[in-house]
1. Of the residues that sit in region 14-49 and are in a helix (DSSP H, G or I) and of a type in the set (G, A, S), which one is farthest from F4 (Cα to Cα)?
2. Which condition number in (1) open to solvent by 100 Å² or more (accessible area, probe 1.4 Å); (2) within 27 Å of D55 (Cα to Cα) is the one that E20 fails?
3. Could you list, in sequence order, the residues of region 1-16 that are out of contact with any helix residue (DSSP H, G or I) (no Cβ under 7 Å at 6 or more places or on another chain) and surrounded by 11 or more Cβ atoms within 10 Å (Cβ to Cβ)?
4. Taking K13, is it basic (K, R) and modelled with pLDDT of 95 or more?
5. Given the options R23, R42, R18, name the one that is basic (K, R) and over 13 Å from the mean Cα position of the chain (by Cα).
Amino acid sequence: MEKFLNSKLIEAKKEVERLEDRRSESLGNSINYIENEIQIQRLYAQVEAYEIALDEAKK
């Protein structure tokens, strides 16, 4: 279970990094910018959840 959670955590962190890099690009319009920011916030929540689950799995 720890291996699975750790891989999901790494995937989510990589996706956050990719989306944060998009902030410096021209996203075309404000809707694209807002969608990007919403995805980042969703992934932050996923990362936090995976970290909590991983901590619990290690106990």
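The values are calculated or read from the model by the stated rules, or taken from the named source; none is laboratory data. These numbers come from a predicted model, not from an experiment. Neighbour counts run over all protein chains shown; Cβ positions are idealised from the backbone, glycine included. Calculation scope for accessible area: heavy atoms of the full protein, side chains included, ligands and nucleic acids excluded. Shrake-Rupley method; radii C 1.70, N 1.55, O 1.52, S 1.80 Å.
1. The initial filter retains those residues of region 14-49 that are in a helix (DSSP H, G or I), namely 14-22, 30-49.
Subsequent filtering for residues that are of a type in the set (G, A, S) retains 30, 45, 49.
Values: S30: 36, A45: 18, A49: 13 Å.
Filtering first and then ranking leaves S30.
2. If we test E20 against (1) open to solvent by 100 Å² or more (accessible area, probe 1.4 Å); (2) within 27 Å of D55 (Cα to Cα), just (1) comes out false.
3. The initial filter retains those residues of region 1-16 that are out of contact with any helix residue (DSSP H, G or I) (no Cβ under 7 Å at 6 or more places or on another chain), namely 3-4, 7, 10-11, 14.
Those that are out of contact with any helix residue (DSSP H, G or I) (no Cβ under 7 Å at 6 or more places or on another chain) and surrounded by 11 or more Cβ atoms within 10 Å (Cβ to Cβ): F4, S7, I10, E11, K14.
4. Details: basic (K, R): yes; modelled with pLDDT of 95 or more: yes.
Spelling it out, K13 is indeed basic (K, R) and modelled with pLDDT of 95 or more.
5. Working: R42 fails: over 13 Å from the mean Cα position of the chain (by Cα); R18 fails: over 13 Å from the mean Cα position of the chain (by Cα).
Going through R23, R42, R18 in turn, the sole match is R23.
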